[in-house]
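Engineer: Pasting in a structure now, in structure tokens, and then I'll have a few things to ask.
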């Protein structure tokens, strides 16, 4: 459901974030991350050298580290986001096992490697719907980033319990192509 009134959209997203955060509190990020990795590797075979951006788990986010390691072993180049100043798109830096990670704003960790541009984006989220609507943390970093990287494959990564009937989205929210969860891959439509 697209909401055009900015105040109504902010209110709807704030309420949806609270529900989403409470839904994932009791879930196991590590076990779910292993299952998610097996589904992604079975479903997608990105050629060696393809730059795949992931994310280092933050809080109760699903743990992508097993998937990032396996993609690296398959020959993909892995990028992780570095949070820029407010209002700017994300920057991605090369990561490989053993790369030094540094603490960034919001308590996230990021690599110190060279800056690279992803071909495929694995995107964190708080909730999602079957149409590809995605609810993030509210900073707009991924929407700005995705707007600047058109025609890249956008794969949300989350727990299955984070799926909802409808995510409140605005006209500038960019939809996902698919979502990977611990129970499988959901191709998004519409």
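Engineer: Given the conditions (1) over 17 Å from the mean Cα position of the chain (by Cα); (2) at pLDDT below 90, report the number of the one that residue 84 does not fulfil.
Structural biologist: (1) is the only condition that residue 84 fails.
Yes or no, residue by residue, for (1) farther than 18 Å from residue 158 by Cβ; (2) touching a helix residue (DSSP H, G or I) at 6+ places or on another chain (Cβ under 7 Å); (3) modelled with pLDDT of 80 or more; (4) assigned to a loop (DSSP other than H, G, I, E, B):
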position	(1), (2), (3), (4)
8	yes, no, no, no
14	yes, no, no, no
32	no, no, yes, no
35	no, no, yes, no
39	no, no, yes, no
46	yes, no, yes, yes
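Engineer: Let me ask something additional. Are any residues in region 75-85 more than 12 Å from residue 111 (Cβ to Cβ) and touching a helix residue (DSSP H, G or I) at 6+ places or on another chain (Cβ under 8 Å), and if so, which ones?
Structural biologist: The answer is 83, 84.
The values are calculated or read from the model by the stated rules, or taken from the named source; none is laboratory data. The structure displayed is predicted, hence computed values, not measured ones. No Cβ is skipped: glycine too gets one built from the backbone with ideal geometry, and neighbour counts run over all protein chains shown.
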